[in-house]
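Chemist: Got a structure for you, questions after.
Quick note: the coordinates plus some simple rules give every number you see, no bench work behind them. All of these numbers come straight from a predicted model, not from anything done at the bench. Cβ coordinates were reconstructed from backbone atoms using ideal geometry, including for glycine residues, and neighbour counts include every protein chain displayed.
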Amino acid sequence: MSSVIKVAEGKYPGYDITIERGILDSVGEKVRPLTKATRAAIITDSNVAPLYLKRVIDSFKSAGFEVLSFAFPAGEPNKTLETVNRIMECFLIGKLTRGDIAVALGGGVTGDLTGFASAIYLRGIDFVQIPTSFLSQVDSSVGGKTGCDLPFGKNLCGAFHNPIAVYIDSNTLDTLPDHYKADGLAESIKAGAIRLPKLFELFENGIEGSVDEVIRQSVQMKADIVERDFTEKGERTLLNFGHTLGHAIEKYENFCGLSHGEAVSVGMALITKASEKAGLTKKGTYDRLVDCLKKYGLPYTTNIPLDELALLCTSDKKSIGSSIKLVLISEIGNAFIKEIAWDKLLPFIKEGKC
Ligand SMILES: NC(=O)c1ccc[n+]([C@@H]2O[C@H](COP(=O)([O-])OP(=O)(O)OC[C@H]3O[C@@H](n4cnc5c(N)ncnc54)[C@H](O)[C@@H]3O)[C@@H](O)[C@H]2O)c1
Ligand SMILES: [Zn+2]
């Protein structure tokens, strides 16, 4: 079965997200009518290359593309400007022109790096996303955010650059190590908690056998929000539910402790506990959220002192002036933004005072 989600972003060109098992072998022919490119540069990482690169190369070759490929060493520590440079060197060596395309085959790191290199090489070439990790299939391949880390912090450098198409083959999840599944699970449970009560219920009942449906609903939700607020001036902020405290946890642990999804999971629980105490969230929502997180082995508490976390939150990208925009839920499926003064943050997360 195949589902297609259309993303139309006003002044930005729209694109389709196709979810179909086994689509990896026909991505080339699907891309062919979308571009006049003669060359396709397939960028992947050292873990994904031995698993899926050949199939994707063969598919693009049989669709008539001249294909070149490059695999960078896998992992977040390689999400650097240096790797972006190496990807652009590959484009240059392969003589990619403005009319040619890049293809990101891999997780969120591959998508962000390839998208960014495509955004800046020759002032921008088209690119295609073939996400292979759960996180990239439910979240990062949609929305046009691309970039890399700087020595000063994560995702500090980047550009908005939409793909011309996204192809999701959930069969690739069979080889994804369990450890990385947690990140996608947390972001998808977040999608349910902020906007999709039915998706949240699906998680509560168990997603066995419904992975494609989970991907479809998560992607549709993100696409709808991003369509209305591409550059994150308003509604897109809601996607940051759990992220303010989550980012603070990641920073406190120097990015060597909980993974991003696990930290977001704790962030969602902590902020909902506080907002329920403050009377801003329907009673019982925290318990429901935590039960769901527990069901998927996701963490919901931390030993890090809350005052340390509050301090780190004020250096979050989303803090403005002397206040911070917190994303809260009034109940499962309904998120809203509450702006709170920096000095009120600690009493809020500690005792629900606001
Ligand atoms: N652009 C956005 O909107 C956005 C949103 C969320 C996260 N992100 C970014 O995404 C990144 C995290 O994404 P990620 O978790 O996919 O990281 P990742 O790309 O590092 O992938 C995780 C690991 O899984 C491996 N892998 C990927 N697919 C596989 C498969 N099918 N089989 C076996 N191994 C596979 C990778 O080699 C890697 O070791 C972060 O850098 C984050 O900043 C971006
Ligand atoms: Zn996230």
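Chemist: Nearest 5 is fine: what % of DSSP beta bridges in the chain come out antiparallel, could you say?
Modeler: Here the antiparallel bridges make up roughly 50 percent for the chain.
Chemist: Further question on the same structure: What stretch of the chain, leaving out the sites themselves, is the longest with no GluC sites (Glu not before Pro) in a DSSP loop having at most 14 other Cβ atoms within 10 Å?
Modeler: Details: sites that count: GLU208, GLU253.
It works out to 1-207.
Chemist: Sticking with this structure for a sec: If r is the Cβ-Cβ distance from LYS295 to ARG32 and R0 is 45 Å, what FRET efficiency results, to the nearest 0.05?
Modeler: The computed FRET efficiency comes out at 0.60.
Chemist: At 0.36 nm per residue, and after removing the present C-alpha to C-alpha distance, how many nm does the segment from LEU346 to GLU89 gain when stretched out fully?
Modeler: Working it through step by step, the gained length comes to 87.8 nm.
Chemist: Sticking with this structure for a sec: GNM on the chain, C-alpha springs below 10 Å: top fluctuator among THR35, THR314, THR281?
Modeler: THR35
Chemist: If you don't mind, there's one more thing I want to ask. Eight or more residues apart or on different chains, and alpha-carbon atoms under 24 Å: count the Lys pairs in the range 160-266 matching that.
Modeler: 10
Chemist: Among LEU92, ALA165, VAL103, flag the residue with its Cα farthest along the positive direction of the charge dipole of the range 2-176, charges on Cβ as +1 for Lys/Arg and -1 for Asp/Glu.
Modeler: In the range 2-176, that residue is LEU92.
Chemist: Quick check for me: using +1 on Lys/Arg Cβ and -1 on Asp/Glu Cβ, what's the dipole size of the range 179-351 about its Cα centre, in debye to the nearest 20?
Modeler: 320 debye
Chemist: Could you work out how far apart the two model spin labels at LEU150 and GLU339 are, taking each label as a point 7 Å from the Cα in the direction of the beta carbon, and quote it in nm?
Modeler: 2.6 nm
Chemist: Also, quick follow-up: To the nearest 20 debye, what charge dipole does the chain have about its Cα centre, counting +1 at the Cβ of each Lys and Arg and -1 at the Cβ of each Asp and Glu?
Modeler: Numbers: 41 positive and 44 negative charges, 153 e Å.
Dipole about the Cα centre, nearest 20: 740 debye.
Chemist: Within 10 Å of each candidate Cβ there may be at most 14 other Cβ atoms; applying that plus a DSSP loop requirement, which chymotrypsin sites (Phe, Trp or Tyr not before Pro) in the range 234-307 survive?
Modeler: none
Chemist: May I pose another question? In a GNM of the chain with a 10 Å cut-off on Cα contacts, which of ILE19, ILE42, ILE304 has the highest mean-square fluctuation?
Modeler: ILE304
Chemist: Given 0.36 nm per residue, what is the gain on full extension from ALA159 to ALA8 after removing their alpha carbon distance, in nm?
Modeler: 52.5 nm
Chemist: Rounded to the nearest 0.05, what FRET efficiency is calculated for GLU76 and LYS283 with R0 set to 41 Å and r the Cβ-Cβ distance?
Modeler: In this case the efficiency is close to 0.60.
Chemist: Decide, for the range 2-176, between rounded, prolate and oblate: order the square roots of the alpha carbon gyration tensor eigenvalues as a ≥ b ≥ c, take rounded if a/c falls under 1.5, and otherwise choose prolate if a/b is larger than b/c, else oblate.
Modeler: Details: a/c = 1.21, a/b = 1.16, b/c = 1.04.
Cα axes put the range 2-176 in the rounded bin.
Chemist: 7 Å from Cα along Cα→Cβ at both SER330 and ARG21: what's the point-to-point distance in nm?
Modeler: Result for the modelled spin labels: 4.0 nm.
Chemist: What value, in deg cm²/dmol to 500, does the helix sum -39500 (n - 2.57) over DSSP H runs of n ≥ 4 give at 222 nm once divided by the residues of the chain?
Modeler: For the chain, the value works out to -12500 deg cm²/dmol.
Chemist: So for the pair ASP58, SER322, with labels modelled 7 Å out along Cα→Cβ, what separation do we get in nm?
Modeler: The answer from the label model is 6.5 nm.
Chemist: For ALA182, what charge total do you get from the other residues with a beta carbon under 14 Å from its beta carbon, if Lys and Arg give +1 and Asp and Glu give -1?
Modeler: Once positives and negatives cancel, what remains is -2.
Chemist: Report the antiparallel proportion of the DSSP beta bridges in the range 1-153 as a percent, rounded to a multiple of 5.
Modeler: Here the antiparallel bridges make up roughly 30 percent for the range 1-153.
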